[in-house]
Every structure is written in structure tokens, then in C-alpha cells.
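**Q** Below: one structure in C-alpha cells.
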Amino acid sequence: MAGGYLKRGVNEKGRVANDVETEQIVFEDVPEGCPIPISSVVQNRGSIPLFWSQETSRLNLKPDIILSRKDQKYEATRLHFENLAKRYGNPIIILNLIKTHERKPRESILRAEFANAIEFINNDLLEENRLKFLHWDLHKHSRSKATNVLLLLGKVAAYALTLTGFFYCQVTPVLRSEGCLRLSDSENVDAGDQSPTRDCNVAIEKNGDSDGATNFEMKLCGGNSMANGNHSINPSMFQKGVLRTNCIDCLDRTNVAQYAYGLVSLGKQLRTLGVMDTSKIDLDDPLADELMWFYERMGDTLAHQYGGSAAHNKVINLMCNPSCLYSKLLNLSRVKCSIGFCGKSIP
């Protein structure tokens, strides 16, 4: 992450401030020896990839936005999205949450220039590789009923998830006399193949050596809904592409949108794992409250790293019914599922 709250925008190498990858990992708690279904979905946040800045002041809560015109061919912006495509594949879906209309233009200046940059870059790209630019003024929509905001963001999230897919596989522990953590060469697995239709099962083979240390071998085994005890081995799926979200500082509003995406993803993940019969999680479900706690904690952590203090506003709280916040905790024994949450800053 490009450090410092004063940092905004992009540098000449295409790196942006507050560039953070978030991975939501879900796996089922199964009896020992049974295949472990595991799923993950990755999303990204980062400052608007243009040359711009703000002059901060304690007396001015809304400092002017200064937009530089030194990169009229958007070379740095192009480098940024080329890097994202290299990291995640295509499509790259951009969810831009900043304001469209203001009495005194600030954010709207960036909104217009960002749209111009995307259009300019897309002119040189094949149709299937073009950037998908979604502008959604969160501040404008938040003036309506709070639940409607998350419902609308949920529709955007569902659209993005349909385009990128998410990761799923089954990990099976298998005893073996030797091995180490590696992909079996005999399976000739192409790590770059992210097709959602490939059939495989991931087996971790365990060996204890004379010193008590444990070695593993992870291999992919062909299979298509094969029975293994009480669990079936389903086709593996792979994510290709990523949803990239931004507001101005990539904190408060971005936290709301990433939570909405995480909630839609969690429903899909749990259904794929066989934990739920439906992929829809209602906003008043205890599971939604639990996930919200994860995202708010992540938002506070990023705000501390980026600005030195917790998130300025608990925006997610404002978007939901305050009476249900944190009042119900997830009963893991009920859904037999554990949720892992990872976030990393991109140097």
C-alpha cells in the first residue's frame, strides 16, 4: 500500500494509493478424513488511478481536489489496469462510488476524468478485454431508505460475481509415506487455467518424518460429483477477473460496497459448499451481521494504516437497521461452516 493519508492517485509506474486485496475464504467443518470443501473470492480496492491530490487542513473538512493534466494519454492509468489484468485476469470491473453532481465540483471532476480515461484505454483493447466501468453515486442513493442501498449494491455485486466467478475445490487428506507441499507433476496442471468447468479434487497427502515434522503433497485428482462417504466431489471452479472498488479515500463508502459484494459472495459460496439450499442471505440474517463485523473490523484496520485512526464513520451501521447490529452472532454449529477473512496491501 502506498502509505500516508496525503497520498492520492497513481504514480508513473501505475501503482495507486491504498491498493488492498481482500480475500473471503469459506470452508466447511467436516469430520476428520472427509474431503474439506473450500471456497474463496477476491476483490480489490485502490485510489482513483489518475494524477490528483488534496491539500488537507484541519479547518477544511472538504479540501479541494487538484487534478493534474500531465498524463493526457493516461499511460499510468493504463499501466495500473494492465497490472490488475496480469494479477487477476479479465474482466476488470470498476465500481466507482464518488459523487456525480455537486454544488461546488470536487469529486465530480474526478468522476468525469476517470470516465474519459476508461473510454480512452478501451479504444485500444479487444472487446472481451475492455474495462467495465460502473459508476454508482453512493452518497446520492444513501439519502433513500438504508436497506435499499445495500439491496441495490447487492445487484451490482451479483452482476460482477457472475462475470468473474469464484474459487471452489475439495481438499482431501490422504496418508502417504513421502511427499511435500507441491502440485503433482503427473496431473500436468496449468496454474493459469481458471475455467470454471474443470473437474478436480485437491488431495493433501501427509507424512510424518523422524523429527515429527509433517510434509504434505497436494495433488489434483479428476472427478465429477463422485461420492466419498457422505460427501460428493463437485467440479472445481476458478475466479477469473476482479471487482475493483473506489471512492475518494477508499475507506468508508468502499467498505459498504465491499461488504455488499462479500454478502452476495458468501451466499453463493455457502450454497456451493452444500451448507445452504439458497444463495440468498437476507440483511437481517445473523450471518449478515457476523460478516458485517468482519468488514467493519477490516475497514478500521485499513483506516489506521492509511490515515492513523479508525474509520471516520461507521457507514455500514448507517446503511442498516441499528437495532439488529451485533445483536445476533453466527452459530457455527448450526451452519457447520467457518469463515476466514484475509486482506493484504499491495506494495
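**Q** Determine, yes or no, whether THR245 is open to solvent by less than 70 Å² (accessible area, probe 1.4 Å), out of contact with any helix residue (DSSP H, G or I) (no Cβ under 7 Å at 6 or more places or on another chain) and either at pLDDT 55 or above or not polar (S, T, N, Q) (or both).
**A** no
**Q** Let me ask another. Could you list all residues from the stretch 81-100 that are crowded, with 21+ Cβ neighbours inside 10 Å and assigned to a loop (DSSP other than H, G, I, E, B)?
**A** LEU97, ILE98
**Q** Do we find that PHE120 is of a type in the set (Phe, Trp, Tyr), buried (at least 16 other Cβ atoms within 10 Å of the Cβ) and assigned to a helix (DSSP H, G or I) in this structure? Full working, then the answer.
**A** Working: of a type in the set (Phe, Trp, Tyr): yes; buried (at least 16 other Cβ atoms within 10 Å of the Cβ): no; assigned to a helix (DSSP H, G or I): yes.
Spelling it out, it is not the case that PHE120 is of a type in the set (Phe, Trp, Tyr), buried (at least 16 other Cβ atoms within 10 Å of the Cβ) and assigned to a helix (DSSP H, G or I).
**Q** Filter the stretch 33-50 down to residues that are open to solvent by less than 10 Å² (accessible area, probe 1.4 Å), outside any loop (DSSP other than H, G, I, E, B) and over 24 Å from ILE98 (Cβ atoms), then give me how many there are.
**A** Within the stretch 33-50, residues that are open to solvent by less than 10 Å² (accessible area, probe 1.4 Å), outside any loop (DSSP other than H, G, I, E, B) and over 24 Å from ILE98 (Cβ atoms) number 3.
**Q** A further question on this structure: Just for the stretch 252-272: of the residues that are touching a residue at least 24 places away in the same chain (Cβ under 8 Å) and surrounded by fewer than 22 Cβ atoms within 10 Å (Cβ to Cβ), which one is farthest from VAL20 (Cα to Cα)? Reasoning before the result, please.
**A** Within the stretch 252-272, the subset touching a residue at least 24 places away in the same chain (Cβ under 8 Å) is 252-266, 268-270, 272.
Filter again for surrounded by fewer than 22 Cβ atoms within 10 Å (Cβ to Cβ), leaving 252, 272.
Details: ASP252: 14, THR272: 26 Å.
The extreme case among them is THR272.
**Q** If I filter the stretch 101-113 for residues that are open to solvent by less than 20 Å² (accessible area, probe 1.4 Å), farther than 30 Å from PRO173 by Cβ, under 25 Å from the mean Cα position of the chain (by Cα) and at pLDDT below 95, do I get at least one hit?
**A** yes
**Q** Please enumerate the residues belonging to the stretch 280-307 that are among the small types (Gly, Ala, Ser) and either touching a residue at least 60 places away in the same chain (Cβ under 8 Å) or open to solvent by 70 Å² or more (accessible area, probe 1.4 Å) (or both). Before the answer, list the steps.
**A** Initial filter on the stretch 280-307 (among the small types (Gly, Ala, Ser)): 288, 299, 303, 307.
Selection gives GLY307 alone.
**Q** Looking only at the stretch 10-24, which residues are at negative phi, out of contact with any strand residue (DSSP E or B) (no Cβ under 6 Å at 6 or more places or on another chain) and open to solvent by less than 10 Å² (accessible area, probe 1.4 Å)?
**A** Result: ASP19, single match.
The values are calculated or read from the model by the stated rules, or taken from the named source; none is laboratory data. Because the structure is predicted, anything quoted here is derived from the model rather than measured. All Cβ positions, glycine included, derive from the backbone under ideal geometry; neighbour counts span all protein chains shown. Surface accessibility is based on the protein's heavy atoms, side chains included, excluding ligands, DNA and RNA. Shrake-Rupley method; radii C 1.70, N 1.55, O 1.52, S 1.80 Å.
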